[in-house]
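The values are calculated or read from the model by the stated rules, or taken from the named source; none is laboratory data. Owing to the predicted nature of the structure, the values given are computational and were not obtained by experimental measurement. Using ideal geometry, Cβ is built from the backbone for each residue, glycine included, and neighbour counts are taken over all protein chains shown.
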Amino acid sequence: MTQSAWSLGTGRLLLTPVAFSDLPAIAALKADPRVYGLMLGGVRNRAQAAEDLAEDLQCWGKLGVGMWTIRERGSGRFVGLTGFHERPDGRGIGLRFALEPNAQGKGFAPEAAGAALRFAHERAGIERVVAVARETNFGSRQVLGAIGMVEAEAFERDGHRMLVFESIRRR
């Protein structure tokens, strides 16, 4: 686990930019249907997770933001991912987060996603950040509301009603 100028810390967590050395943990997370079964892309195999990781690494260079691993302070235990990507639907820079099932319900998601959102606005200067959640994914919707994102629009995709949340940088 290396630290960089893009590493973030919270009271309980350390967020570090993803690296290829994180692939085993990331692949396991993305293969878990309890986590990625609710995501639009669905469960990912190891090759797909590696492709995603390569894209996440490129995002740092292109946008000045990207994905972080989330680890518990002290133990260094991997608990999930949070960060940003350029949404393929043209809606802008999208916030994402996913936590291991045994890390859910402990307040880690809003703690990590909130730190990432502050980084995007305050350090990377991104004006508008969006996040998309299934209407039925109450956990994600609760996290997005807890970090100050507000519902802005909705659309249908793959038979699901999707809600778009946004955060506008305050000046």
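Data overview
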item: Any chance Arg91 is assigned to a loop (DSSP other than H, G, I, E, B), more than 14 Å from the chain's Cα centre (by Cα) and under 19 Å from Leu117 (Cβ atoms); result: yes
item: Only one of Ala116, Ala152, Ala112 that is within 10 Å of Leu95 (Cβ to Cβ) and either in a strand (DSSP E or B) or of a type in the set (A, V, I, L, M) (or both); result: Ala116
item: Region 133-154, subset in contact with a Leu (Cβ under 7 Å, 6 or more places away or on another chain) and of a type outside the set (D, E, K, R), residue surrounded by the fewest Cβ atoms within 10 Å (Cβ to Cβ); result: Ala154
item: Among (1) more than 15 Å from Val18 (Cβ to Cβ); (2) free of Cβ contacts under 8 Å to residues at least 40 places away in the same chain; (3) not polar (S, T, N, Q), the one test that His85 misses; result: (1)
item: Candidate set from region 77-92 (those that are within 24 Å of Glu166 (Cβ to Cβ) and touching a helix residue (DSSP H, G or I) at 6+ places or on another chain (Cβ under 9 Å)); member that is surrounded by the fewest Cβ atoms within 10 Å (Cβ to Cβ); result: Glu86
item: Residue in region 66-76 that is loosely packed, with under 14 Cβ neighbours inside 10 Å, farther than 20 Å from Val164 by Cα, touching a Lys or Arg at 6+ places or on another chain (Cβ under 9 Å) and not small (Gly, Ala, Ser) present; result: yes
item: In region 71-115, the residues that are touching a His at 6+ places or on another chain (Cβ under 8 Å) and closer than 18 Å to Gly42 by Cβ; result: Gly94, Arg96
item: Residues (modelled with pLDDT of 95 or more and either under 28 Å from Asp89 (Cβ atoms) or β-branched (Val, Ile, Thr) (or both)) located in region 1-15; result: Leu15
item: Output for region 16-38, where each listed residue is free of Cβ contacts under 8 Å to residues at least 60 places away in the same chain, of a type outside the set (Phe, Trp, Tyr) and surrounded by fewer than 18 Cβ atoms within 10 Å (Cβ to Cβ); result: Ala19, Ser21, Leu23, Pro24, Ala28, Ala31, Pro33, Gly37
item: Filter result for Asp56 (charged (D, E, K, R), at pLDDT below 95, within 20 Å of Ala112 (Cα to Cα) and assigned to a helix (DSSP H, G or I)); result: yes
item: Single residue of Gly139, Gly61 found to be at pLDDT below 95, closer than 18 Å to Met39 by Cα and in a helix (DSSP H, G or I); result: Gly139
item: Leu95 vs. criteria surrounded by 17 or more Cβ atoms within 10 Å (Cβ to Cβ), closer than 28 Å to Ser21 by Cβ, out of contact with any helix residue (DSSP H, G or I) (no Cβ under 7 Å at 6 or more places or on another chain) and touching a residue at least 12 places away in the same chain (Cβ under 8 Å); result: no
item: Close pairs (8 angstrom Cβ cut-off, 6 or more residues apart or separate chains): under 13 Å from Gly11 (Cα atoms) in region 104-127, part of a loop (DSSP other than H, G, I, E, B) and of a type in the set (Gly, Ala, Ser) anywhere; result: Glu111/Gly11; Gly114/Gly148
